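Engineer: Sharing a structure with you now.
The values are calculated or read from the model by the stated rules, or taken from the named source; none is laboratory data. Everything numeric here is computed off the predicted structure, so don't read it as measured data. Every residue, glycine as well, gets a Cβ built from its backbone with ideal geometry; the counts of neighbours run over all protein chains shown. Note: areas computed on protein heavy atoms with side chains; ligands, DNA, RNA excluded. Shrake-Rupley method; radii C 1.70, N 1.55, O 1.52, S 1.80 Å.
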Amino acid sequence: MLRRSLIVLLFGLALGMTLACKKAKEPAAQAPAPQESQWADLFAADLSDAEFPAGIWTVADGVLTASEDQAIWTKRDYENFVLDLEFMTAPGTNSGVIVYCSDIANWIPNSVEIQIADDFADEWAKSPATWHCGAIFGHLAPAKSAVKKPGEWNRYAITCAGKRITVVLNGETVTDMDMGLWTSAKTNPDGSEIPAWLSRPKAELATKGRIGFQGKHAGAPIYFRNIKIRELS
């Protein structure tokens, strides 16, 4: 009887350890998209609260896309917020999420762009690391590659709190920037060169402005969905 009880006990312990190891090896599930009441849609379903050239941006089945290289903008400014969204690239996509824009007519030097790119395309894979997906374009390369292949949905969570911008791509923190360190318009703090068209130091930019999305740049489309925002106190 004692021997039988001992066998049962040992079997139970072995089974428990097997299940624990299996559970430990399973990847943690990514947090669900925000649905709580404190989150709001960045744009209305009919884009009536967005600013963009007529006929360029459209929504179908909840997916936002553009037919040309023209940006879409919020009509109001935002500061201190978390932006949560999904995006999907096509082969060769090069696009971006734009924050802190103070001049939509000349947005490139007057905003911060979080890069979206098909890093699997040779053209972008061979570009400077500050052009890769998840980068603060031209300024800070992502710590790792976390973008999925074209045709798969990716998720961005972008936190903008004053001069601090943190980018989480598919559950991985890829970029964490203190804009105050970027005091030059020619070279980054690590000595790498800044593209000439980014002619204003990030340290000088306002930390309040429009939010936008770049359109069909470089001839390849970009798709967005589930774009939510939560303003921080």
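Engineer: Which numbered condition trips up residue 157, out of (1) surrounded by fewer than 19 Cβ atoms within 10 Å (Cβ to Cβ); (2) of a type in the set (Gly, Ala, Ser); (3) not in a loop (DSSP other than H, G, I, E, B)?
Structural biologist: Single failed check for residue 157: (1).
Yes/no per residue for (1) surrounded by 14 or more Cβ atoms within 10 Å (Cβ to Cβ); (2) polar (S, T, N, Q); (3) without any contact (Cβ under 8 Å) to a residue 40 or more places away in the chain:
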| site | (1), (2), (3) |
| --- | --- |
| 73 | yes, no, no |
| 89 | yes, yes, no |
| 110 | yes, yes, no |
| 114 | yes, no, no |
| 126 | no, no, yes |
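Engineer: For residues in the range 99-127 being hydrophobic (A, V, I, L, M, F, W, C) and out of contact with any Gly (no Cβ under 8 Å at 6 or more places or on another chain), which is farthest from residue 184 (Cα to Cα)?
Structural biologist: Among them, the one singled out is 120.
Engineer: What number of residues within the range 95-108 are out of contact with any Ser or Thr (no Cβ under 7 Å at 6 or more places or on another chain) and open to solvent by less than 10 Å² (accessible area, probe 1.4 Å)?
Structural biologist: Count: 3.
Engineer: Just one of the numbered conditions (1) over 18 Å from the mean Cα position of the chain (by Cα); (2) buried (at least 21 other Cβ atoms within 10 Å of the Cβ); (3) of a type in the set (Gly, Ala, Ser) is not true of residue 209; which one?
Structural biologist: For residue 209, the failing item is (1).
Engineer: Also, quick follow-up: When the residues of the range 20-38 are filtered to those that are aliphatic (A, V, I, L, M) and not in a loop (DSSP other than H, G, I, E, B), which remaining residue is modelled with the lowest pLDDT?
Structural biologist: Step by step, filter the range 20-38, then rank; the result is 24.
Engineer: Sort through 197, 182, 131 and tell me the only one that's farther than 15 Å from residue 115 by Cα, of a type in the set (Phe, Trp, Tyr), in contact with a Gly (Cβ under 9 Å, 6 or more places away or on another chain) and modelled with pLDDT of 95 or more.
Structural biologist: Result: 197 is the single residue among 197, 182, 131 that is farther than 15 Å from residue 115 by Cα, of a type in the set (Phe, Trp, Tyr), in contact with a Gly (Cβ under 9 Å, 6 or more places away or on another chain) and modelled with pLDDT of 95 or more.
Engineer: Further question on the same structure: Let me spell it out: the conditions are (1) closer than 23 Å to residue 89 by Cβ; (2) out of contact with any strand residue (DSSP E or B) (no Cβ under 7 Å at 6 or more places or on another chain), and residue 223 meets all of them except one. Which number is the exception?
Structural biologist: Only one criterion in (1) closer than 23 Å to residue 89 by Cβ; (2) out of contact with any strand residue (DSSP E or B) (no Cβ under 7 Å at 6 or more places or on another chain) is unmet by residue 223, namely (2).
Engineer: If we scan the range 112-124, do we find a residue that is over 15 Å from residue 96 (Cβ atoms) and either under 9 Å from the mean Cα position of the chain (by Cα) or part of a loop (DSSP other than H, G, I, E, B) (or both)?
Structural biologist: Yes, there is a match, as at least one residue in the range 112-124 is over 15 Å from residue 96 (Cβ atoms) and either under 9 Å from the mean Cα position of the chain (by Cα) or part of a loop (DSSP other than H, G, I, E, B) (or both).
Engineer: Right, next: Got at least one residue in the range 212-219 being more than 16 Å from residue 111 (Cβ to Cβ), assigned to a loop (DSSP other than H, G, I, E, B) and open to solvent by 60 Å² or more (accessible area, probe 1.4 Å)?
Structural biologist: Yes, there is a match, as at least one residue in the range 212-219 is more than 16 Å from residue 111 (Cβ to Cβ), assigned to a loop (DSSP other than H, G, I, E, B) and open to solvent by 60 Å² or more (accessible area, probe 1.4 Å).
Engineer: Specify which of the listed residues (208, 163) is touching a helix residue (DSSP H, G or I) at 6+ places or on another chain (Cβ under 6 Å) and charged (D, E, K, R).
Structural biologist: 163
Engineer: In the range 172-194, what residues are of a type outside the set (Ser, Thr, Tyr), surrounded by 14 or more Cβ atoms within 10 Å (Cβ to Cβ) and assigned to a loop (DSSP other than H, G, I, E, B)?
Structural biologist: Within the range 172-194, 182, 185, 188, 194 meet the criteria.
Engineer: Still on this structure, please answer the following. For the range 128-145, which positions are farther than 15 Å from residue 188 by Cβ and either crowded, with 19+ Cβ neighbours inside 10 Å or not small (Gly, Ala, Ser) (or both)?
Structural biologist: 133, 134, 144
Engineer: Pick out the one residue from 41, 77, 61, 69 that is touching a helix residue (DSSP H, G or I) at 6+ places or on another chain (Cβ under 8 Å) and at pLDDT 95 or above.
Structural biologist: So the residue among 41, 77, 61, 69 that is touching a helix residue (DSSP H, G or I) at 6+ places or on another chain (Cβ under 8 Å) and at pLDDT 95 or above is 69.
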